[in-house]
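Q: The structure follows.
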Amino acid sequence: MPNVDIEFHASYFDTSQEVEGDFVVFPVGSTGPFLTPLGVPIFGAFPDGVIGTPEIFENHIRLGFTAQYDGIVKHDISFGSGYYEGEIDKVTEEKNFGRNPVTLLPILPGDPVVDVSDTPFVFLTEDERRNTYAYIQDVWQFSNDWELTAGLRYDDYSDFGATTNPRLALVWSTSYELTTKFLYGEAFRAPSFAQTRAINNPLIQGNLELQPEQIKSYEVAFDYRPSYDLTLNLNFFHYNWTDIIQFIPDFSGSSRTAQNAGEQTGKGFEFEARWSVSEALKLTGNFAWQDSHDELADAPAANSPEKQVYLRSDWQIDTRWQINVQASWVMDRNRSYDDLRTPVADYVLVDMNIRNMLSENLEVALIVNNLLDEDAFEPSPNAMPVPFIPNDLPLAGRSFIGEIRYKF
Amino acid sequence: MAALAGLSQPVLAAEAGPQGSDSNRALTVVYPQIRQPFLKVYETIARGATKGFSGKASELVLAKDQSRDQLQNQLADKMVIVLGSRGVSQLRGIGLQRPLVVGAVSEQLSGVYGLSMIPDAGVVASKLQVLAPTTLRVFVVARADKNIADLAAAQIAFNQIDVQLFIKEATDIRDAANIYRKLTAELKVGDAVWILPGDRFVNNPLLSILLQAAWRSDFVVFSSNPTHVNRGALFSVYPDNYQMGVRLGEIARQVAEGSQAPVQMEPLRSVFVTVNERTSNHLGITITDDMKEHVDLILPAR
């Protein structure tokens with residue numbers, strides 16, 4: 001067929017997650033995550049620790065085609081369709097908690113590890129998911145300086161049904177220096193197997209009734225190049241994210257079950273600058289600000305930073321020496337509305353990389369990460385009655401790495 | 001690197017195809033040591049030359065202070081392709097037995113075989129005809145003492161596609177800037193500015209002024225420097241270094257075999273063409289499949 005380019009693709013992926021030896025989930029002497037609704041441990045101490053060795057064997061098949069048709073002047077049409085099948089074909093587990101599949105009695109602290117593979121007491125059900133999809137997109141140059149991209153994608157999943165998602169992008173070459181973009185998109189995220197099929201887990205339970213998460217996003221973007229050496233980008237965005245899959249506490253104990261419970265809206269902007277100060281020195285930087293709101297809790301959304309600054313300089317001192325320095329400043333991360341801990345502190349991480357090309361084949365480098373040895377933490381998730389990791393997740397302190405590269 | 005200090009062993013010896021029994025059938029591609037990424041241009045041309053020569057071939061990288069005696073000893077009875085102006089001046093007059101084949105120089109030299117880096121004006125004109133077919137007038141700003149003679153041939157080539165070539169002579173960069181400023185005020189749809197190969201007049205600020213005016217007044221800017229396309233020139237025609245090397249290798253083989261072709265440099269016809277899609281859209285030029293046959297790279301709109 002004239003003016004049509006078609007590409008077919010097929011792939012098969014077989015993978016497994018296997019555990020060598022016993023995987024100790026909670027340390028020796030711990031009472032584990034088994035708590036009453038009041039936070040009191042149900043069991044005494046586990047003398048060998050809480051042990052679980054979950055293993056998964058899975059395969060994924062993908063078939064499809066993409067086609068491009070440019071037979072209509074000023075239109076560039078692409079379309080495609082495909083099929084996906086993913087299967088968890090084997091799940092095995094040995095553990096020293098839960099219920100013994102032979103005696104049906106609880107496995108108690110001090111009991112040996114029990115093989116629960118191929119029983120209803122394993123951590124995940126074996127299952128498969130099929131997805132068929134089709135999409136079409138047209139890039140239409142409807143005027144000299146205006147281009148409209150319109151696309152539509154349809155997905156049908158065997159486990160939760162169909163979803164249709166459009167996208168629109170209007171690009172305007174406003175002037176020699178400036179390009180302006182108006183963007184709208186809808187998208188979804190399918191629930192994972194762990195979110196739908198986790199069972200017998202003391203912490204989280206899957207939910208076969210889950211629907212995909214949905215997001216609608218609006219964006220206005222400016223790409224401004226006032227000179228050859230300077231590029232400035234400014235983006236404003238707004239989004240509405242619904243049916244967010246969250247693990248909601250169960251009334252009956254310390255576990256949580258996946259639900260399409262959350263809704264979040266957000267707005268913000270990102271500013272980026274790239275400046276070639278000279279042949280040898282390049283500076284880049286960006287600043288991002290966002291205000292996201294947890295609609296159900298009517299509170300600021302948790303964990304993601306409200307402000308971020310990133311700066312980087314790349315300096316080619318001469319033909320041999322090169323220095324890169326970058327700084328990342330993370331600010332204003334909110335706790336979840338029901339998290340009583342003090343706010344997690346802001347941090348600045350500075351990294352440096354000094355490199356010397358000793359010859360065409362040989363180069364050496366000294367890399368220093370977290371040069372200022374900042375005490376930096378990422379927030380750990382909240383849990384009731386207390387977070388499992390209460391003191392947040394520490395990032396690495398100052399580290400030195402030496403590197404020698406030789407090209408043959 | 002060690003190979004560069006003094007007269008070195010050839011850094012590469014490739015054997016392909018028939019070998020001559022005497023050293024006249026052996027090719028050495030000589031080029032000056034310069035820093036990357038520029039050295040890569042010579043390396044690519046040398047690779048093409050080895051392919052085009054189809055015989056025993058080696059490369060010699062010249063240090064700045066290379067001894068002429070050593071060069072003479074090593075190259076006297078060889079077929080030699082020399083690349084770059086510095087390479088030519090280092091090899092001139094060392095007493096080679098075979099005629100020199102010259103490549104990668106920005107001017108036409110007399111008394112040698114070879115190819116310059118300057119695309120043939122006929123090829124440039126044919127690309128203009130395909131990519132901006134409504135162009136009627138092309139303006140060039142040329143160095144009064146240097147480019148004018150070459151442009152007489154270009155005028156004929158453009159006339160053949162019914163385009164008039166107007167040559168504006170400039171004595172220095174300030175003079176050129178004034179001419180460009182006048183042009184930017186006068187040019188309109190159907191006009192084009194050709195930035196000549198090896199142009200030293202158009203610096204970054206002047207290029208910005210020219211391209212802004214071209215955007216406002218819908219005239220075409222084309223050049224022989226691919227980075228100008230990144231910045232908004234409609235298209236650029238520049239050497240296909242590998243194919244240029246292949247042709248140099250073929251010329252060297254013909255000379256080695258005693259070809260009686262006149263001793264002169266050939267115009268460069270092996271070129272790459274890059275087009276800026278944002279600029280072509282702005283000018284209302286739709287890049288059709290037929291046009292794509294003449295284009296090697298389309299720089300997508302932002």
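Q: Would you please give the residues with an amide H less than 5 Å from that of residue B:59, counting only those at least 5 places away or on a separate chain, with H modeled from the backbone geometry?
A: It is B:11, B:12, B:29, by chain and number.
Q: Turning to a different aspect of this structure: By what distance, in whole Å, do the Cα atoms of the stretch A:221-328 stretch along each of the three principal axes, largest value first?
A: That gives 67, 31, 17 Å along the principal axes, largest extent first.
Q: Here is a follow-up. Taking each residue in B:272-278, count the Cβ atoms of any other chain within 10 Å of its Cβ, then average. What number comes out?
A: Mean shielding by partner chains, rounded to a whole number: 1.
Q: Right, here's the next one. Would you mind putting B:124-136, B:155-167 in packing order, based on average other-beta-carbon counts within 10 Å, highest first?
A: Packing proxy ranking, top to bottom: B:124-136, B:155-167.
Q: Say a paramagnetic label sat at a point 7 Å from the Cα of residue A:158, along Cα to Cβ; which residues of the stretch A:18-61 have their backbone N under 20 Å from it?
A: Label zone hits: A:56-61.
Q: Continuing with this model, one more query. Give me the one-decimal nm value for the distance between modelled label points at residue A:242 and residue A:283, 7 Å along each residue's Cα-to-Cβ direction.
A: That separation, rounded to one decimal, is 4.5 nm.
Q: Determine the distance separating the Cα centre of the stretch B:90-120 from the Cα centre of the stretch B:153-175; give it in Å without decimals.
A: Rounded to whole Å, the Cα centres lie 26 Å apart.
Q: Also: Applying 1/(1 + (r/R0)^6) with R0 = 25 Å to the Cβ-Cβ distance of residue A:83 and residue A:118, what FRET efficiency is obtained, to the nearest 0.05?
A: My answer for the efficiency is 0.30.
Q: May I ask you to compute the full-extension gain from residue A:348 to residue A:234, defined as 0.36 nm times their residue separation minus their alpha-carbon distance, rounded to one decimal in nm? Let's see the in-between values first.
A: Values: separation 114, 0.36 × 114 = 41.04 nm, distance 2.32 nm.
So the extension gain works out to 38.7 nm.
Q: On to the next question. Which shape class, rounded, prolate or oblate, goes with chain B when its Cα gyration tensor gives a ≥ b ≥ c as root eigenvalues, a/c under 1.5 marks rounded, and past that a/b bigger than b/c marks prolate?
A: prolate
Q: Using only atoms on other chains, find how many Cβ atoms lie within 10 Å of each Cβ of peptide A:311-318 and report the average.
A: 0
Q: A further question on this structure: Can you list, bin by bin at 5 Å, the percent of alpha carbon pairs in the stretch A:7-142, starting at 0?
A: Answer for the stretch A:7-142: a P(r) of 2, 9, 13, 12, 12, 9, 8, 7, 6, 6, 6, 5, 3, 2, 1, 0 percent.
Q: Right, next: Could you work out how far apart the two model spin labels at residue A:250 and residue A:359 are, taking each label as a point 7 Å from the Cα in the direction of the beta carbon, and quote it in nm?
A: Once both label points are built, they end up 6.6 nm from each other.
Q: If you don't mind, another one. Can you tell me the Rg and the Dmax, both Å, for the Cα atoms in the stretch B:252-293?
A: According to the Cα coordinates of the stretch B:252-293, Rg and Dmax are 19.3, 53 Å.
Q: Going down the list A:282/A:407; B:168/B:188; A:74/B:188; A:181/B:127; A:407/B:40; B:40/B:64, which pairs span over 22 Å between their C-alpha atoms?
A: Beyond 22 Å between Cα atoms: A:282/A:407; A:74/B:188; A:181/B:127.
Q: Report, in deg cm²/dmol and to the nearest 500, the calculated mean residue ellipticity at 222 nm for the protein assembly as shown, where each DSSP H run with n ≥ 4 adds -39500 (n - 2.57) and the sum is divided by the residue count.
A: Details: 12 runs with 119 residues, N = 710.
Computed mean residue ellipticity for the protein assembly as shown: -5000 deg cm²/dmol.
Q: So, one more: Only counting other Cβ atoms within 10 Å, I'd like A:274, B:174, B:247 sorted with the fewest neighbours first. Intermediate results must be reported in sequence, preceding the final value.
A: Values: A:274 16, B:174 10, B:247 21.
Listing A:274, B:174, B:247 from fewest to most nearby Cβ atoms yields B:174, A:274, B:247.
Q: Still on this model: So if we plug the beta-carbon distance of residue A:386 and residue A:126 into 1/(1 + (r/R0)^6) with R0 = 35 Å, what FRET efficiency do we get, rounded to 0.05?
A: Taking R0 as 35 Å, the efficiency between residue A:386 and residue A:126 is 0.50.
Q: Please identify every one of the trypsin sites (Lys or Arg not before Pro) in the stretch A:317-381 that sits in a loop by DSSP and has no more than 16 other beta carbons within 10 Å of its own beta carbon.
A: A:320, A:341
Q: Please arrange A:38, A:152, B:283 by counting, for each residue, the other beta carbons lying within 10 Å of its beta carbon, fewest first.
A: Listing A:38, A:152, B:283 from fewest to most nearby Cβ atoms yields A:38, A:152, B:283.
Q: List the residues of the stretch A:45-76 whose backbone N lies under 18 Å from a point placed 7 Å from the Cα of residue A:142 along the Cα-to-Cβ direction.
A: The answer is A:72-76, whose backbone nitrogens lie closer than 18 Å to the label point.
Q: Obtain the radius of gyration and the Kirkwood radius of chain A from its C-alpha atoms and give Rg over Rh.
A: Computed over Cα atoms, the ratio is 1.02.
Q: Let me ask something else. Restricting things to alpha carbons, find the Rg to Rh ratio for the stretch A:96-175 using the Kirkwood radius for Rh.
A: Taking Rh as the inverse mean 1/r over Cα pairs, Rg/Rh reads 1.48.
Q: How many times 2.2 N^0.38 Å is the alpha carbon radius of gyration of the stretch B:183-280?
A: Cα Rg divided by the expected 2.2 N^0.38 Å: 1.42.
Q: Just the ratio, please: alpha-carbon radius of gyration of the protein assembly as shown over 2.2 N^0.38 Å, N its number of residues.
A: That ratio works out to 1.28.
Q: On to the next question. Distance between the C-alpha centers of the stretch A:273-350 and the stretch A:180-195? Whole Å please.
A: The distance from the Cα centre of the stretch A:273-350 to that of the stretch A:180-195 comes to 24 Å.
Q: Among B:102, A:249, A:280, flag the residue with its Cα farthest along the positive direction of the charge dipole of the protein assembly as shown, charges on Cβ as +1 for Lys/Arg and -1 for Asp/Glu.
A: Of the candidates, B:102 comes out farthest on the positive side.
Q: Averaged across A:226-234, how many Cβ atoms of other chains sit within 10 Å of each residue's Cβ atom? Walk me through the numbers before you get to the answer.
A: Working: counts 1, 4, 9, 1, 0, 1, 0, 1, 0.
Average per residue, whole number: 2.
Readers should treat all values here as calculations from the given coordinates under stated rules, not as data from a laboratory. From a predicted model like this one, the values you see are computed outputs, not experimental measurements. Every residue, glycine among them, receives a Cβ derived from its backbone with ideal geometry; neighbour counts consider all protein chains shown.
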